[in-house]
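**Q** Have a look at this one.
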Amino acid sequence: MADIFEVTKNTGNFTMTEYAEGLFYQQDLRTLPNIRIQAPSIAMVFTDGAIDLGADLDGFLFYRDIKDFDMATGSIDYRVSEVIDPTDFKYYAQVDFFKGLSPQPCAVFLASDPDKIVNQLTMDNQAGSGQWAKLDIGYSTAVMEKNRSSTAVTITARSIRMKATFLGTHFKAPEFTIKGNLAYGAVSQIFGGTTAGSCLDDRIFFCPPGTHSNFKAFFMPFTDAGRIGLDRSTDLGNVAWSKF
């Protein structure tokens, strides 16, 4: 039996498939959640708000023609859905993109959503509009560490020679080493991410004080970091960035 990704591609008669990443994020309870879908292989990103960086879920973007992402077309409508695979009852996040007045989506983003982020943010059936733009983002492998003898947590990205240091009071494990990627828009802007916060899926974002949307960097673990006991959706306090 075909898996849910193959079914989605075939049902929509999509001919192209790209690896893609999605961010589903609510800045505060007074506003609707925002989305950000990026496809690095075609250097395109879709946003419906002021979210410059970040990703929660790994999945695929299905489409027919790269021209459907033409930035000159203006606003693109979308609809978010929580999907449950009837074969294994696993949860998925789906975003349908619509161009013009056509009721059929011109593209679909689908990703596994084991933490039920769409459900937690009550985004099922949320509709909105946004724009596609060129993706300008950098990645560096990084290591997040805490020593038993220290209260500090560090994230070190050696390829760009950057290190973040902040208090580890929201981590239950006394020591750990977690490998991952540090995503950023521009190295020079990383220094502006002087406060940190955790997401629903153990990813850590860095942003200026007083905002939870203008991300300057994102640490994304390669594997589930749940074993370190990180409090999810929590402010992690002030961050000191340094070059080495």
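**Q** Which one is surrounded by the most Cβ atoms within 10 Å (Cβ to Cβ), of the residues in segment 61-109 that are touching a helix residue (DSSP H, G or I) at 6+ places or on another chain (Cβ under 7 Å) and under 15 Å from ASN13 (Cα atoms)?
**A** Checking each candidate, the answer is ALA107.
**Q** Please find, within segment 173-192, the residue that is farthest from the chain's Cα centre (by Cα) out of those that are under 14 Å from SER140 (Cβ atoms) and in a loop (DSSP other than H, G, I, E, B).
**A** Top of the filtered list is ALA186.
**Q** Separate question: Restricted to segment 156-172, and to residues that are of a type in the set (A, V, I, L, M, F, W, C) and assigned to a strand (DSSP E or B), which residue is surrounded by the fewest Cβ atoms within 10 Å (Cβ to Cβ)? Give the derivation first.
**A** Pass one, segment 156-172, residues of a type in the set (A, V, I, L, M, F, W, C): 157, 160, 162, 164, 166-167, 171.
Going one step further and asking which of them are assigned to a strand (DSSP E or B), we end up with 157, 162, 164, 166-167, 171.
Details: ALA157: 23, MET162: 21, ALA164: 24, PHE166: 22, LEU167: 15, PHE171: 20.
The extreme case among them is LEU167.
**Q** Also: Please work out which one of (1) in contact with a helix residue (DSSP H, G or I) (Cβ under 8 Å, 6 or more places away or on another chain); (2) outside any loop (DSSP other than H, G, I, E, B); (3) not basic (Lys, Arg) is the condition ASP124 fails and give its number.
**A** (2)
**Q** Additional query: Can you pull out the residues in segment 119-159 that are in contact with a Gly (Cβ under 6 Å, 6 or more places away or on another chain) and among the basic types (Lys, Arg)?
**A** The one that is in contact with a Gly (Cβ under 6 Å, 6 or more places away or on another chain) and among the basic types (Lys, Arg): LYS146.
**Q** Does segment 122-140 contain at least one residue that is closer than 21 Å to ASP235 by Cβ and in contact (Cβ under 8 Å) with a residue 60 or more places away in the chain?
**A** The answer is no; no qualifying residue exists.
**Q** Give segment 139-155 a look and list any residue that's farther than 18 Å from LEU167 by Cβ and surrounded by fewer than 15 Cβ atoms within 10 Å (Cβ to Cβ), or say none.
**A** Hit for segment 139-155 is THR141, nothing else.
**Q** Inspect all residues belonging to segment 29-51 and state whether any of them is within 20 Å of the chain's Cα centre (by Cα), on the phi < 0 side of the Ramachandran plot, polar (S, T, N, Q) and assigned to a loop (DSSP other than H, G, I, E, B).
**A** Yes: segment 29-51 contains one or more residues that are within 20 Å of the chain's Cα centre (by Cα), on the phi < 0 side of the Ramachandran plot, polar (S, T, N, Q) and assigned to a loop (DSSP other than H, G, I, E, B).
**Q** Residues in segment 42-54: is at least one modelled with pLDDT of 85 or more, of a type in the set (Phe, Trp, Tyr) and touching a helix residue (DSSP H, G or I) at 6+ places or on another chain (Cβ under 9 Å)? Working first, answer last.
**A** Kept after step one, since they are modelled with pLDDT of 85 or more, are these residues of segment 42-54: 42, 44-48.
Filter once more, keeping what is of a type in the set (Phe, Trp, Tyr): 46.
Of the ones still in play, those that are also touching a helix residue (DSSP H, G or I) at 6+ places or on another chain (Cβ under 9 Å) are 46.
Yes, segment 42-54 contains a residue that is modelled with pLDDT of 85 or more, of a type in the set (Phe, Trp, Tyr) and touching a helix residue (DSSP H, G or I) at 6+ places or on another chain (Cβ under 9 Å).
**Q** Tally the residues that are of a type in the set (S, T, N, Q) and either outside the structural domain of ILE37 (by TED's automatic domain parsing) or assigned to a helix (DSSP H, G or I) (or both), restricting the search to segment 2-26. Lay out the reasoning, then the answer.
**A** Pass one, segment 2-26, residues of a type in the set (S, T, N, Q): 8, 10-11, 13, 15, 17, 26.
From the residues that got through so far, the ones that are either outside the structural domain of ILE37 (by TED's automatic domain parsing) or assigned to a helix (DSSP H, G or I) (or both) too are 8, 10-11.
So the count comes out to 3.
**Q** With the checklist (1) at pLDDT below 90; (2) assigned to a helix (DSSP H, G or I); (3) surrounded by 15 or more Cβ atoms within 10 Å (Cβ to Cβ) in hand, flag the one item SER213 doesn't pass.
**A** (2)
**Q** Further, regarding this structure: When you look at GLN104, is it farther than 17 Å from GLY59 by Cβ, of a type outside the set (Phe, Trp, Tyr) and assigned by TED's automatic domain parsing to the domain that holds THR17, yes or no?
**A** yes
The values are calculated or read from the model by the stated rules, or taken from the named source; none is laboratory data. Since we're looking at a predicted model, the values are computed, not measured. Please note: Cβ atoms are built from the backbone with ideal geometry, for glycine as well, and neighbour counts cover all protein chains shown.
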